[in-house]
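The values are calculated or read from the model by the stated rules, or taken from the named source; none is laboratory data. Computed from a prediction, not measured in an experiment: that's the story for all the values here. Please note: Cβ atoms are built from the backbone with ideal geometry, for glycine as well, and neighbour counts cover all protein chains shown.
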Amino acid sequence: MNELGVQGVARMIKKWIAVTAAVMMLTAGCSSKETEKESAKPHKEKEVEDVVKEVEELPYEFPLTGIGTEKESSDRAIAVVVNNHPKARPQSGLNKADIVHEVLAEGGVTRLVAIFQSEKPEKVGPVRSAREYFIDLASGFDSFFIAHGYSPEAQARLERGEIDNINGMQYDGTLFERASFRKAPHNSYITYKNMVKGAEKRGYDLDQAPDSAEFLNTDEADKLEGTAAEDFMVSYGSPSFDAIYEYDAEKGKYHRYTGSEETVDLESKDPVLLDNVLVVQMDHQVVDDAGRREIDMKSGGKGYLFQKGKVNEIEWKSEAGRIVPYKDGVKAGFVPGKTWINIVPSISDVSFDSQQ
C-alpha cells in the first residue's frame, strides 16, 4: 500500500464515482441509449462500492500504522538513533519510519529514535550515539536497536544485553558506512541489508512483529472532534531545533519543518508526512558536567494529540514501555498512518493558535 493508504484509495474511488455520475447526468436526454446509461449507472456504482469495500476490509493491519495489508506482517521492529543536528539534515530513511520520537540530548540538541516496521528503508542515517532513554523508547516495541556510539550508562546496558543491538563502535566501516559528503560525527549510515546482516551475525531473530497500537476506524477518524489547530510549534529553545507542523487539508496529513526547512528524505526528496503528532511532557534532569540527562519516561503526564488539523489535550501513560495517550480516561486512538512523538520538558513548549 502506498502513502495514500486505505483512506486515500477510498477517497479517490469515491471521487471517481462523483465525476462519473456528473458526466452521465450532463449527457442524459430522452433517447433510449441515454435511458440505458441511466439504468446501468447503479450497476457501475455498485461495482465501485464493492472495490471500496474490498480495500477497506483488507484482512490484516500493520501493527504500528494501522494501515491495511493483504499479508500478516511478522517483521520485527527496528529502532535507529538518527542524528538531528543541522549538519546531518536532510536525513535518510525517516519518510519510511512508522514512528519517530524526538527527544533532547545534551546542549539543547535533539535526536530521533525512528521505529521501522511496515516499510523497509534502503538506508538510514546519519546514525548517532545511544542514551539510556533511547534504549527505553526502543524497548517498548521489542526493537532491534541500532546506534553509533553511546554514553557510559547506555554502553553498560547494551553490553549487559538488555536489548538486541548492533553499534557502529564495533562495526564502523563494515556494517556502518561513512559518507564522503559529510564530516564525522554526521556521516555514519547503515543500509537495511546491513541491518539484517548485523542481526544474523549476532544471532537475533527479526520475525516477531510488535503488538499493535490502538487505531481509529475510518468513521471515527472522519468524525474526530477537537480544537482547530492546523499550525503549531514545538520549541526546544533554539530555532535550529524548534519543530513546526503545518496541516495539509488536501492530503489529511502534517508537514514538518525546522525553521523554513521541510523535513524530507535526502535521496528521494519525499517529505515526511504525518497522520499523528503526539507531544508529551516528561521530567528532565541534567545529571553530569557533560549535560547528559535523565528523563522520566514512566510516570505519565500531560500532552497534546494533533490529528486531522485538530488538537486534544491528553494524559499519557507508560504501558509496556510505550507512550500511550488517554483522553477522559479512555485510550485515544491514532489515525491510521505515521506518528511523530515530541518529548518536551514542559507542555508550555507547545504553541498554537486555537480556532473555534
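Would you kindly identify the strands (runs of 3 or more DSSP E) lying entirely within the stretch 50-160 that contain at least 3 residues that are surrounded by fewer than 23 Cβ atoms within 10 Å (Cβ to Cβ) and on the phi > 0 side of the Ramachandran plot? If you could, list the steps in order and put the result at the bottom.
Working: elements: 78-83, 99-104, 110-116, 144-147.
Hits in the stretch 50-160: none.
Those residues that are charged (D, E, K, R) and assigned to a strand (DSSP E or B), I need them from the stretch 223-241; list them, please. Working first, answer last.
Within the stretch 223-241, the first condition is being charged (D, E, K, R), and the residues that meet it are 223, 225, 230-231.
Once the filter is applied, which keeps residues that are charged (D, E, K, R) and assigned to a strand (DSSP E or B), the stretch 223-241 yields only Asp231.
Can you tell me which of Val272, Val234 is surrounded by 12 or more Cβ atoms within 10 Å (Cβ to Cβ), of a type in the set (Val, Ile, Thr) and within 30 Å of Gly329 (Cα to Cα)? Walk me through it before giving the result.
Details: Val272 fails: within 30 Å of Gly329 (Cα to Cα).
Criteria check complete, one pass: Val234.
Test Ala114 against the stated conditions and say whether it is in contact with a Phe, Trp or Tyr (Cβ under 7 Å, 6 or more places away or on another chain) and at pLDDT 95 or above. Lay out the reasoning, then the answer.
Details: in contact with a Phe, Trp or Tyr (Cβ under 7 Å, 6 or more places away or on another chain): no; at pLDDT 95 or above: yes.
No; evaluated as a whole, the condition is false for this residue.
Out of Thr258, Thr174, Thr218, which single residue is exposed (fewer than 15 other Cβ atoms within 10 Å of the Cβ), over 30 Å from Val330 (Cα atoms) and β-branched (Val, Ile, Thr)?
Details: Thr258 fails: exposed (fewer than 15 other Cβ atoms within 10 Å of the Cβ); Thr218 fails: over 30 Å from Val330 (Cα atoms).
Among Thr258, Thr174, Thr218, only Thr174 is exposed (fewer than 15 other Cβ atoms within 10 Å of the Cβ), over 30 Å from Val330 (Cα atoms) and β-branched (Val, Ile, Thr).
Show the residue pairs that are 6+ apart or on different chains and have beta-carbon atoms under 8 Å apart, the first residue being within the stretch 191-210 and without any contact (Cβ under 8 Å) to a residue 40 or more places away in the chain, the second being assigned to a loop (DSSP other than H, G, I, E, B) and of a type in the set (Asp, Glu).
Partner pairs satisfying both residue conditions: Arg202/Asp164.
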